[in-house]
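Structure first, commentary second.
No lab work stands behind these numbers, since they all come straight from the coordinates. Only a predicted model underlies this, so the values are computations on that prediction, with no experimental measurement involved. Every residue, glycine among them, receives a Cβ derived from its backbone with ideal geometry; neighbour counts consider all protein chains shown.
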Amino acid sequence: MRARTLIPTAAAVVLSAVAGGLASRPAASPWYRSLRKPPYQPPPQAFPIVWPVLYADIAIVSSNVLDELERRGRKPERRGYVTALAVNLVLNAGWSWLFFNRRLLGTSAIAAAVLAGSSADLARRAVAVQGMRAAPLALYPLWCAFATLLSGHVWFLNRR
């Protein structure tokens with residue numbers, strides 16, 4: 001992994017994490033605490049553990065994929081991966097804004113499903129280039145699929 005790839009990739013991931021984190025501050029609000037939540041909702045302490053690991057995974061695997069595509073001279077695939085990663089990171093941060101900031105439970109459940117699909121596509125692209133070295137990225141769409149289920153259930157429990 002080259003620093004000239006890792007630094008901008010990690011910066012994009014950190015920017016997404018910060019944007020999502022800023023929107024997630026209302027997680028401590030009376031509104032959020034008043035929401036009915038399913039019994040399988042992870043404790044609040046899980047999220048600041050899981051997300052940094054996933055973000056590091058996204059940055060490292062993506063950097064390796066981009067370096068490998070460049071090494072192989074596959075510029076169109078590299079551009080496609082960069083675009084898929086950018087879209088994914090916007091979706092990632094966007095979910096937090098929809099859910100916590102705008103309080104759009106139904107829209108955020110749909111956005112979570114789109115994010116899960118985007119994450120699965122990113123993992124598929126990475127595995128196609130790196131094989132098993134990219135396998136850790138599979139954790140990301142799995143977590144996003146769980147988040148989709150959770151988000152949809154919260155929406156269902158709190159519909160008016």
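Among the helices of the chain (complete DSSP H runs), which have Cα atoms covering no less than 18 Å along the helix axis and a Kyte-Doolittle mean of at least 1.0?
What comes out of the filter, once short or polar helices are dropped, is 3-24, 139-157.
Rounded if a/c is under 1.5, else prolate if a/b is larger than b/c, else oblate: which is the stretch 28-160, with a ≥ b ≥ c the root eigenvalues of its Cα gyration tensor? Could you put the intermediate results ahead of the total?
Values: a/c = 2.75, a/b = 2.23, b/c = 1.23.
Prolate.
What relative contact order, as a whole-number percentage, does the stretch 1-143 give when Cα pairs under 8 Å and 6 or more residues apart are counted?
32 percent
So what is the 222 nm mean residue ellipticity for the chain from helices alone, if each DSSP H run of at least 4 adds -39500 (n - 2.57) and you divide by all residues, rounding to the nearest 500 deg cm²/dmol?
-25500 deg cm²/dmol
Kindly provide the Kirkwood hydrodynamic radius of the stretch 71-115 in Å, to one decimal, from all pairs of distinct alpha carbon atoms.
11.7 Å
Find how many whole Å separate the alpha carbon centroid of the stretch 48-92 from the alpha carbon centroid of the stretch 140-160.
25 Å
Assuming R0 = 30 Å, can you tell me the calculated FRET efficiency for the pair Ala11 and Gln41, based on Cβ-Cβ distance, to the nearest 0.05?
0.45
At 37 °C and 0.692 mPa s, grab the translational diffusion coefficient of the stretch 5-80 from Stokes-Einstein with a Kirkwood Rh over Cα pairs, rounded to a whole number in µm² per second.
Rounded to a whole number, D works out at 221 µm²/s.
I'd like the chymotrypsin sites (Phe, Trp or Tyr not before Pro) in the stretch 15-81 restricted to DSSP loop residues with at most 11 other Cβ atoms within 10 Å, sorted by number.
When the chymotrypsin sites (Phe, Trp or Tyr not before Pro) of the stretch 15-81 are filtered for loop state and at most 11 Cβ neighbours within 10 Å, Tyr40 remain.
Using only alpha carbons, build the gyration tensor for the stretch 80-153 and give me the equivalent ellipsoid semi-axes, biggest first, whole Å. Walk me through the intermediate numbers first.
Details: eigenvalues 118, 33, 11 Å².
In descending order the semi-axes read 24, 13, 7 Å.
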